[in-house]
Amino acid sequence: MATVQADSKITIVGSGLIGQFWAMIFAGGGFKVTIFDIYPEQISKALENIKATLSRYESQGCLRGSLSASEQAALVTGCNELKKCLDGASYVQECVPESVDLKRKVFEQMDPFITEDMVVATSSSCICVSQFVGNLSHKHRTLVAHPVNPPYFIPLVEIVPGPWTLPDVTAKCRALMELVGQSPVTLSREVAGFALNRIQYSIINECWNMYKDGLLSAEDIDKVMTDGLGPRYAFIGPLETMHLNADGIVDYCNRYAQGAYNVCTTFKPPPIMYDVPTAEKMLQEIKKAIPVDKVQERRTWRDERLAALAALKRNLKEKTD
Ligand SMILES: NC(=O)c1ccc[n+]([C@@H]2O[C@H](COP(=O)([O-])OP(=O)(O)OC[C@H]3O[C@@H](n4cnc5c(N)ncnc54)[C@H](O)[C@@H]3O)[C@@H](O)[C@H]2O)c1
């Protein structure tokens, strides 16, 4: 199977939040990683942060891979010259801010140094790669590999090839993601929102509309997910849920499709926009539990729970494998 060689070099372009996570994930898989950033001081900051975070993960028992935190940190180096950083790399993960113009500029700068055995992925959350690589001579070696925050604990990666991406490039990217413990899905073509945000926005739309209609409080809407659908979805998806909630998915359709259709006919159109007046009303409720100045604290709380869930899923998988 097409894959990136285990002893090859991986380059991260953009060393902010997501670039640092990717560096730790690839180092966890035993790869040598070089990080580049437009600001040299950011590279030093990122290296320090990676070292400290890996060491914290080790003491919390959630470090990935078989190497120690210090061995993994030693695999990650910085480089403030793009050409040198790309030299000899077999995989590049671009992680600069979400802007078509900036991504176009960065990919144009990389293009002369892309080789015919390189895979060059963008972490783009919603910009399709075809929006900024159209003029490149190596556009056939580029694609989207979109992680989910925090990628160290949420393994999904959406792989979205552009219209010119070679099948071998898509296959290599997917194989690499599997090798380092991520969970890739491959879209057959570009689509707005990829898969995760298409599903996420359809959920938010209904939550927004139910809140605006005064059907449930903000707290109770969130509870429908955290204590209702969420626990199930951590282990099985909506299609498998249909399959298990009857004698197979066909039986489910025979039994429940009419009822589901009747409910769906009562759905309102998507909110034109998530409107600020409704958001302000929600905030009055939400801030009682999480004031805006405690959001960072709550993010840490969330990441600790996601780490615990990832460990639980790993342990359960080990028991059943
Ligand atoms: N933050 C998230 O939750 C999240 C989740 C999934 C995907 N993403 C995507 O990942 C990408 C990076 O997001 P982030 O949150 O890490 O951003 P960030 O702002 O934390 O980091 C961006 C880094 O890119 C560097 N940079 C800016 N211009 C550059 C250039 N010309 N060359 C090299 N480096 C440059 C910045 O100095 C910074 O260190 C975006 O496309 C974003 O949409 C973000």
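The values are calculated or read from the model by the stated rules, or taken from the named source; none is laboratory data. Source: prediction; values computed, not measured. Positions of Cβ are generated from backbone atoms using ideal geometry, with glycine treated the same way; all protein chains shown enter the neighbour counts.
Taking Val133 as the residue in question, decide whether it is within 15 Å of the ligand (Cβ to nearest atom) and under 15 Å from Val160 (Cβ atoms). It is true that Val133 is within 15 Å of the ligand (Cβ to nearest atom) and under 15 Å from Val160 (Cβ atoms). Summed over segment 101-120, residues that are within 11 Å of the ligand (Cβ to nearest atom) and either in contact with a His (Cβ under 6 Å, 6 or more places away or on another chain) or closer than 13 Å to Thr142 by Cα (or both) total 6. Pairing each residue of segment 101-129 that is within 26 Å of Arg198 (Cα to Cα) with any residue that is within 14 Å of the ligand (Cβ to nearest atom) and aromatic (Phe, Trp, Tyr), provided the two are 6+ apart or on different chains, yields C-beta distances under 6 Å for Lys103/Phe132; Arg104/Phe132. Taken together, Thr266, Thr320 contain a single residue that is more than 28 Å from the chain's Cα centre (by Cα) and either surrounded by 11 or more Cβ atoms within 10 Å (Cβ to Cβ) or of a type in the set (Ser, Thr, Tyr) (or both), which is Thr266.
If we keep just the residues of segment 79-107 that are polar (S, T, N, Q) and surrounded by fewer than 22 Cβ atoms within 10 Å (Cβ to Cβ), which is nearest to Ile10 (Cα to Cα)? For segment 79-107, the residue satisfying everything is Ser90. Here segment 109-124 is the region considered, the condition is being assigned to a loop (DSSP other than H, G, I, E, B) and out of contact with any Pro (no Cβ under 7 Å at 6 or more places or on another chain), and the residue that is farthest from Gln5 (Cα to Cα) is Ser124. In the set Leu156, Leu179, Leu187, Leu166, which member is in contact with a Pro (Cβ under 8 Å, 6 or more places away or on another chain) and over 27 Å from Ile221 (Cβ atoms)? The conditions single out Leu187. The sole residue among Gln60, Gln72, Gln109, Gln42 that is modelled with pLDDT under 95 and either of a type in the set (S, T, N, Q) or in contact with a helix residue (DSSP H, G or I) (Cβ under 9 Å, 6 or more places away or on another chain) (or both) is Gln60. Name the one entry in Ile25, Ile35, Ile12 that is more than 8 Å from the ligand (Cβ to nearest atom), closer than 19 Å to Lys172 by Cβ and not in a helix (DSSP H, G or I). Step by step, each of Ile25, Ile35, Ile12 is checked, and only Ile12 is more than 8 Å from the ligand (Cβ to nearest atom), closer than 19 Å to Lys172 by Cβ and not in a helix (DSSP H, G or I).
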